[in-house]
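The values are calculated or read from the model by the stated rules, or taken from the named source; none is laboratory data. What you are looking at is a predicted structure, and each value in this text was computed from that prediction instead of being measured. Every residue, glycine as well, gets a Cβ built from its backbone with ideal geometry; the counts of neighbours run over all protein chains shown. Please note that ligands, DNA and RNA were not included when accessible areas were found on the heavy atoms of the full protein model with its side chains. Shrake-Rupley method; radii C 1.70, N 1.55, O 1.52, S 1.80 Å.
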Amino acid sequence: MHSILPLLQAAAGGYTREYMGAWALMGAGIGAGLAAIGAGIGIGRIGGQASEAIARQPEAGAQIRGQAILLAALIEGVALFGVVVSMMVLFKF
């Protein structure tokens, strides 16, 4: 019976710390960018939909505005978490 261990060792031999670090840095940059873009799109949609809702029903403006601010804060927290994780990857390599 043949062992797969020599094949795995031969395949992993080309991956140095610098090679993996370059991919980690690229992944960290892409991850931080996607977190920021996603948050921007989400908060923009919340603002637009809240404005439309207030225009349709002005008497509920205060309640809609409060909910929009709360949702925007939650989205911002998730985006900040994504950026922090990307920074952790960045400083690891």
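Is it the case that segment 14-24 has a residue that's at pLDDT below 85, within 16 Å of the chain's Cα centre (by Cα) and open to solvent by less than 80 Å² (accessible area, probe 1.4 Å)?
yes
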Next on the checklist: What's the total number of residues in segment 51-82 that are over 27 Å from residue 32 (Cβ atoms) and in a helix (DSSP H, G or I)?
Outcome noted: 16
Checklist entry - In segment 31-46, which residues are farther than 13 Å from residue 83 by Cα and surrounded by 14 or more Cβ atoms within 10 Å (Cβ to Cβ)? => result 42, 43, 46
